[in-house]
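The values are calculated or read from the model by the stated rules, or taken from the named source; none is laboratory data. Remember, predicted model here, so these are calculated numbers, not experimental data. Backbone-built Cβ (ideal geometry, glycine too); neighbour counts: all protein chains shown.
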Amino acid sequence: MDVVIPTDLNTPEVLRELSDAEGYLAKICFKTGPPLLSGVELEWTVHDRDNPAAPVDPNRLRQALGPHAPSTLDPVGPRSPLPGKGTVSVEPGGQVEISSAPHRSLRELCEHTSADVDRLTGLLTTAGLVLGDSGIDPYRPPRPALDTPRYRAMRTAFDRRGPAGRTMMYSTAGLQICVDAGTSERFGARWDAVHALGPPLLAAFATARHHAGTDTGWASARMAAWFAIDPPRTRPAWTPVRAGLDPVGVWTAYALAAPLLCVRRPDGDWLVPAGITFRDWIGGALPEPPTADDLEYHLSTLFPPVRPRGYLELRFLDAQPPGEWIAPVGVLAALLGDDTALGLAREACEPVLDRWKAAARFGLADPELARAAAAVLRVALAALDRTDLRPATRDDITTIVQRRLAAADRRTS
């Protein structure tokens, strides 16, 4: 889902004062209005059909994707969109991602994205490749497939804290849902609600337990890796303590206090010394002052479970088994499209607010999270009929969710 930057902010204005950065953040990260658009980003690990533990070959992947290959694989290729207008990107470990176009209709989003998934699956099948079915690679240890200045800087920064960064970069796959921020009157409640829904839905849709041939003991080893790599850039930008605070102020403080991951330079050396925050950069910590464009790029290196990008990007879900991505998308769309349902679901989350790590560690094995997840899913199923999804799609979502509900009920009975 593309960020729309106001035309008066397109030039690389130098940021010399904190107030300049604060004003810029308020303009680009929080665009309020009627919540009309939604989009998805679907990411998968990629495997050889006959030997899923074999490394990803970038050349094989480029040939398989053909005209849809991103510039990181084919710098001179056309980068053609898929039939449903989604675009393909490839992550540093060879994971493939579809980024949908934004849609006003949930039905159209699901149908167009399904067409894109079918096209991608067909291309890979022809090349003897298959998509993974979980949020972390169950077969292979972390291994790079692509190398760019950004990825080198990320690896260097994350290596300072241990191996979790390489696991995240090279082995994980997520499902991201993008939704409008909402009206100025409802935005604060919407921001609060999507954070509150995070732990129960992370627990309900966790798929990332096995990695590199090992049972990690985590329901979502993917989120465990994200939380471990660099807490100032991956922890939630919201807690129950901050629930009554202005989201713009909270996010501004978060973004300016996060350490720099990299600084783009023409020579390809994007490394920066450890511990320098964007606030420090404005204060003169690096030779050249930052620009508004540098700040916008810095925002792309922050990875909280919910990230404001003009819209809200919900980043806390694992990749789902084939054909099942539609279930968490439908659940969240049903809740966010119905204020009454969203209020009921938010109330059900009250006992487990901020239990992100418990959700990643235990999933539905935690009784409190299982109870909250069951309540949220039941509210979502009741609201599903009020969406514009076709009956067959609603039935598919209900079947998948009922299976998750049965797992939650077993933990609470």
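For T234, which of the numbered conditions (1) touching a strand residue (DSSP E or B) at 6+ places or on another chain (Cβ under 8 Å); (2) surrounded by 15 or more Cβ atoms within 10 Å (Cβ to Cβ); (3) not basic (K, R) fails to hold? The failed condition is (1). Candidates T214, T207: the one that is more than 22 Å from E22 (Cβ to Cβ) and without any contact (Cβ under 8 Å) to a residue 24 or more places away in the chain is T214. Quick check on R386: is it of a type in the set (K, R), more than 21 Å from the chain's Cα centre (by Cα) and over 25 Å from Y311 (Cβ atoms)? So R386 does not fit the description; no. Step by step: first the residues of the stretch 220-252, then only those that are over 22 Å from C29 (Cα atoms) and of a type outside the set (A, V, I, L, M, F, W, C), then the one that is farthest from the chain's Cα centre (by Cα). Which residue is that? Of everything passing the filter in the stretch 220-252, S220 is farthest from the chain's Cα centre (by Cα). Applying the criterion of being buried (at least 17 other Cβ atoms within 10 Å of the Cβ) and free of Cβ contacts under 8 Å to residues at least 60 places away in the same chain to the residues of the stretch 265-284, the residue that is farthest from S134 (Cα to Cα) is W281.
Restricted to the stretch 307-413, the set of helices (runs of 4 or more DSSP H) holding at least 1 residues that are within 17 Å of L42 (Cβ to Cβ) comprises 326-336, 391-412. Criterion applied to V248, V241 was being surrounded by 15 or more Cβ atoms within 10 Å (Cβ to Cβ), modelled with pLDDT under 95 and in a helix (DSSP H, G or I), and the one residue passing it is V248. Checked against the criterion of being buried (at least 20 other Cβ atoms within 10 Å of the Cβ), modelled with pLDDT of 95 or more and charged (D, E, K, R), the candidates D366, D396, D388 yield just one match: D366.
For W218, the conditions (1) modelled with pLDDT under 95; (2) in a loop (DSSP other than H, G, I, E, B); (3) within 25 Å of D366 (Cβ to Cβ) all hold with the exception of (1).
Residue-level check: of (1) buried (at least 18 other Cβ atoms within 10 Å of the Cβ); (2) of a type in the set (S, T, N, Q); (3) without any contact (Cβ under 8 Å) to a residue 60 or more places away in the chain, T72 misses just (3).
When you look at A189, is it out of contact with any helix residue (DSSP H, G or I) (no Cβ under 7 Å at 6 or more places or on another chain), among the small types (G, A, S) and at pLDDT below 95, yes or no? So A189 fits the description; yes.
Scanning the stretch 270-292 for residues that are touching a Pro at 6+ places or on another chain (Cβ under 7 Å) and not hydrophobic (A, V, I, L, M, F, W, C) returns G275, T277, T291. Looking only at the stretch 74-84, decide whether some residue is under 16 Å from the mean Cα position of the chain (by Cα) and of a type outside the set (D, E). Among the residues of the stretch 74-84, not one is under 16 Å from the mean Cα position of the chain (by Cα) and of a type outside the set (D, E), which makes the answer no. Taken over the stretch 260-279, the residue count meeting the criterion of being in contact with a helix residue (DSSP H, G or I) (Cβ under 6 Å, 6 or more places away or on another chain) and either within 14 Å of P304 (Cβ to Cβ) or in a loop (DSSP other than H, G, I, E, B) (or both) is 5. Looking across the stretch 169-207, the residues that are β-branched (V, I, T) and part of a loop (DSSP other than H, G, I, E, B) come down to T183, T207.
Scanning the stretch 208-231 for residues that are surrounded by fewer than 24 Cβ atoms within 10 Å (Cβ to Cβ) and not aliphatic (A, V, I, L, M) turns up R209, H210, G213, T214, D215, T216, G217, W218, F227, D230, P231.
When you look at P305, is it under 17 Å from the mean Cα position of the chain (by Cα) and surrounded by 21 or more Cβ atoms within 10 Å (Cβ to Cβ), yes or no? Considered against the rule, which asks whether it is under 17 Å from the mean Cα position of the chain (by Cα) and surrounded by 21 or more Cβ atoms within 10 Å (Cβ to Cβ), P305 comes out as yes.
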